[in-house]
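One structure is given here, and the rest of the page talks about it.
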Amino acid sequence: MKESALKDLYVDELKDIYSAESQLVKALPKMAKAATSGALRQGFKKHLEQTKEHVARLERIFSNLEEKPTGKKCKGMEGAITEGSEMIQEGELEGEALDAGLIGAAQRVEHYEIAAYGCVRTYAELLGEDSAAKLLERTLQEKIPTRS
């Protein structure tokens, strides 16, 4: 693969992730509000703060690349968020069942992001974008749950 083609793919995928994270910044407060468990509500609020940091990291990467982060809408994230929103709006679930549904929606979102960040981290490494690769790896590690 030509390096210019890989760089184009890298930038395109970064834009996709930026869109995904930006959509998530808007969705997480709604998920927190809908949660019935205080612990889950706090978890969503914590996730919102982490997501804002991820957006800031992506903005640093774009700045270093002298690229704009906008111009692409992540349809995968849009779909995942829509599914979660519909669950809240339909009002068929309440209490623990609603919380379980919200957790499931959040897990699908995270799995999507883990796959996306893994790819762009690898592209950054292949392109010699070491600083970006380190930021992307840090974000990826924050997204991968660890068992204690």
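The values are calculated or read from the model by the stated rules, or taken from the named source; none is laboratory data. Quantities reported herein were computed from a predicted structural model and do not represent experimental measurements. All Cβ positions, even for glycine, are placed from backbone atoms using ideal geometry, and neighbour counts span all protein chains on display. Ligands, DNA and RNA are stripped out before the accessible areas are found, and what is left, the full protein with its side chains, is counted by its heavy atoms. Shrake-Rupley method; radii C 1.70, N 1.55, O 1.52, S 1.80 Å.
Please determine whether any residue of region 33-46 is out of contact with any Lys or Arg (no Cβ under 9 Å at 6 or more places or on another chain) and under 22 Å from Ala132 (Cβ atoms).
Checking region 33-46: not a single residue is out of contact with any Lys or Arg (no Cβ under 9 Å at 6 or more places or on another chain) and under 22 Å from Ala132 (Cβ atoms).
List the residue pairs whose Cβ atoms are under 8 Å apart, where the first residue sits in region 118-145 and is in contact (Cβ under 8 Å) with a residue 12 or more places away in the chain and closer than 24 Å to Lys46 by Cβ, the second is assigned to a helix (DSSP H, G or I) and open to solvent by 60 Å² or more (accessible area, probe 1.4 Å), and the two are 6 or more positions apart or on different chains.
What qualifies is Leu135/Arg60; Glu142/Gln50.
Got at least one residue in region 18-41 being open to solvent by 80 Å² or more (accessible area, probe 1.4 Å) and closer than 23 Å to Glu137 by Cβ?
No, region 18-41 has no match at all.
Out of Leu65, Leu98, report the one residue that is open to solvent by less than 30 Å² (accessible area, probe 1.4 Å) and more than 28 Å from Val11 (Cβ to Cβ).
Working: Leu65 fails: more than 28 Å from Val11 (Cβ to Cβ).
Every option except Leu98 fails the conditions.
Of all residues in region 120-148, count the ones that are open to solvent by less than 60 Å² (accessible area, probe 1.4 Å) and not charged (D, E, K, R). Break it down into steps so the answer makes sense when it comes.
First, the residues of region 120-148 that are open to solvent by less than 60 Å² (accessible area, probe 1.4 Å): 120-124, 127-129, 132-133, 135-137, 139-140, 143.
Going one step further and asking which of them are not charged (D, E, K, R), we end up with 120, 122-124, 127-128, 132-133, 135-136, 139-140.
Qualifying residue count for the region: 12.
Tell me the residue from Val109, Val120 that is modelled with pLDDT under 95 and under 16 Å from Ser19 (Cα atoms), please.
Numbers: Val120 fails: modelled with pLDDT under 95.
The match here is Val109.
Does Ala80 satisfy the criteria of being of a type in the set (Gly, Ala, Ser), under 19 Å from Arg138 (Cα atoms) and in contact with a Phe, Trp or Tyr (Cβ under 9 Å, 6 or more places away or on another chain)?
Working: of a type in the set (Gly, Ala, Ser): yes; under 19 Å from Arg138 (Cα atoms): no; in contact with a Phe, Trp or Tyr (Cβ under 9 Å, 6 or more places away or on another chain): yes.
Taking the combined requirement at face value, the residue does not satisfy it.
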